[in-house]
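The structure under discussion appears below in the form of structure tokens.
Every number in this text was worked out from the coordinates using simple rules, so none of it is lab data. Note that the structure is predicted; figures quoted are calculated from it, not measured. Cβ coordinates were reconstructed from backbone atoms using ideal geometry, including for glycine residues, and neighbour counts include every protein chain displayed.
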Ligand SMILES: Cc1cc2nc3c(=O)[nH]c(=O)nc-3n(C[C@H](O)[C@H](O)[C@H](O)COP(=O)(O)OP(=O)(O)OC[C@H]3O[C@@H](n4cnc5c(N)ncnc54)[C@H](O)[C@@H]3O)c2cc1C
């Protein structure tokens, strides 16, 4: 059977964002900043991090004293085009415990778990229909020649007193959730939810506007400057002088002074099928569960309310020099790779039409954990480096950032990772050459394991290089 042609990425906004904007009646962007003004807090970035920061602050201060500056529209970045997988860090608990001790690691994992239910409750309270479906997350082992890799993690969960958060699923249980010949056994995480990601970002925007928060879209901040006890956010059209600034610019931080040597960026791409209710029924995949495989360049897939599959994979190329350009949005080769993974994992859907394809940047620190802290004499607070898992954790980050401003939740700002800088990454062009080589090696290693082959020694060596150098970017 002929393979259906794939859509060209980068021609339009993601399907999620188009759907969310259409539901709002396709509003015009909010006016850009065209004069100078003052506020208590200026927030750079209208993604989840910036919007949640504003939300938590607006609970405790005059909302009109909060200004958000977004270069595009709110939700125009990854917050409006991600996979909509909301989960915390349970799978990372052993690593967190190793790094921050039993108590510190567990406190972080619990805090990162709050958004799963917290986002749903917030949406209900504020009439935001973000399709929140808290039906769990199944990671399958789809490598034919490779055993599962989670036994140590499951054992560590029991040791940490949280045995119910992750459990092994036998192959027959996996098949009940979604029956594919490619799936073997699985790891089940009960605390996870799917959302329509852009509807959440746009819902936050609406609620903040109703509260009186000032938002300027199409407003790019060129520089944050300290001026005595204030911070100035400079833009083409004017400036905002504030007591505090919050920087929630995610992958764009890789080009921002002070963070350039802290982040590696690469692309994640998604495809979206036509509506296929009967085919989903035949797979038994009607419960809205989130699924992924065990690749390092992970394939992640979920259903939508109108019975499509949204399928993504971290197979895009590495970025260069902090530029967030077409590498992250227009990469047709990455889309082909995503589609190949789709056909490998769900071979019975080979003939299904692909209606959309898009991509975006993800930013990774040397330890694969976000960097959240304060700079600029205690006036400039930042969070970035979610490593492709910010849909839930960005709510935690927003809460922490709000508390770094006003001190309202000291137990959150005391979490072990807050204020810790992540290791430096090499300067350009070494970073780009290294990241590109490692990325390609990881993809080839995953492809070989998918095909039941042993990866070549060279591929294995390059894929392990980051580990050998003390980073946690690759295996
Ligand atoms: C294809 C893809 C799939 C993903 N899937 C998932 C998933 O399923 N689950 C998950 O947890 N995570 C996923 N992620 C990651 C997730 O989307 C992010 O971690 C999360 O959206 C981060 O939110 P944020 O607000 O920090 O960043 P963003 O959403 O990137 O927002 C940052 C904003 O800052 C703005 N900005 C940047 N520079 C400036 C400036 N100088 N002035 C003004 N504004 C500026 C940008 O325009 C942008 O809107 C995915 C990412 C991608 C790309």
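Key figures
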{"read-out": "Inter-site label distance for residue 176 and residue 164 at 7 Å from Cα along Cβ, in nm", "value": "1.8"}
{"read-out": "Structure-based [θ]222 nm, the chain - -39500 (n - 2.57) summed over DSSP H runs of at least 4, per residue, nearest 500", "value": "-10500 deg cm²/dmol"}
{"read-out": "0 to 90° range, to nearest 10: angle between helix 48-58 axis and the chain longest Cα axis", "value": "40"}
{"read-out": "Degrees between helix 332-345 axis and first principal axis of the chain (Cα, 0 to 90, nearest 10)", "value": "50"}
{"read-out": "Cα long-axis angle, helix 93-126 against the chain (0 to 90 degrees, to the nearest 10)", "value": "80"}
{"read-out": "Spacing of the two label points (7 Å from each Cα toward its C-beta) at residue 460 and residue 18, in nm", "value": "4.5"}
{"read-out": "Virtual spin-label span in nm between residue 64 and residue 436, 7 Å along Cα→Cβ", "value": "5.3"}
{"read-out": "Förster-model FRET efficiency, 41 Å R0, residue 37 and residue 151, C-beta, rounded to 0.05", "value": "0.15"}
{"read-out": "Residues residue 190 and residue 281, FRET efficiency given R0 of 22 Å [Cβ-Cβ distance, rounded to 0.05]", "value": "0.40"}
{"read-out": "Residue-span extension gain [residue 353 to residue 227] - 0.36 nm each, minus C-alpha spacing", "value": "39.8 nm"}
{"read-out": "Additional length obtainable on full extension of the chain from residue 209 to residue 421, 0.36 nm per residue less Cα span", "value": "73.0 nm"}
{"read-out": "Within the stretch 324-354: backbone nitrogen closer than 12 Å to the residue 274 label point (7 Å, Cα to C-beta)", "value": "351-354"}
{"read-out": "Anisotropy class of the stretch 1-156 from Cα gyration tensor, a/c 1.5 cut", "value": "oblate"}
{"read-out": "Shape call, the stretch 144-284: gyration tensor on alpha carbons, a/c limit 1.5", "value": "prolate"}
{"read-out": "Overall form of the stretch 346-447 per C-alpha gyration tensor (a/c, 1.5; a/b vs b/c)", "value": "oblate"}
